[in-house]
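Data first, discussion second: the structure below is written as structure tokens.
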Amino acid sequence: MIGDRVRRGPVTPSLPFTFLHISSGLARKGIEELITAYCIAFSGDAPVLLAIKTFDNSMNTIDSLGEASDQCVKICPGNPDHI
């Protein structure tokens, strides 16, 4: 959607590029892998945001991962501020 990107304007710290993950939160959906890859790929000053939306269910694993930002600190010390 290049046209939308042009209208949106450039990616900046105040208007970051947003990655959106929506799932049930099951382990097989790869949320831990997603967070790991995101933290490795982007430094703390990258104008990016990772938004994770899960659904309330007994098998949701996102709570067991702890705070996503804490997970980034463990994986990659130069982690992004926005999760």
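The values are calculated or read from the model by the stated rules, or taken from the named source; none is laboratory data. All of these numbers come straight from a predicted model, not from anything done at the bench. Heads up, the Cβs are rebuilt from the backbone with ideal geometry, glycines too, and the neighbour counts pull from every protein chain shown.
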Problem - Residue list for region 40-60, filter: part of a loop (DSSP other than H, G, I, E, B) and modelled with pLDDT under 85 - result: S43, G44, D45, F55, D56, N57, S58, M59, N60
Handout entry: Which numbered condition Y38 misses (of (1) touching a residue at least 40 places away in the same chain (Cβ under 8 Å); (2) under 12 Å from I62 (Cα atoms); (3) of a type in the set (S, T, Y))
Key = (2)
Handout entry: Residues of region 23-39 classified as more than 11 Å from the chain's Cα centre (by Cα) and either β-branched (V, I, T) or not in a helix (DSSP H, G or I) (or both), total
Key = 5
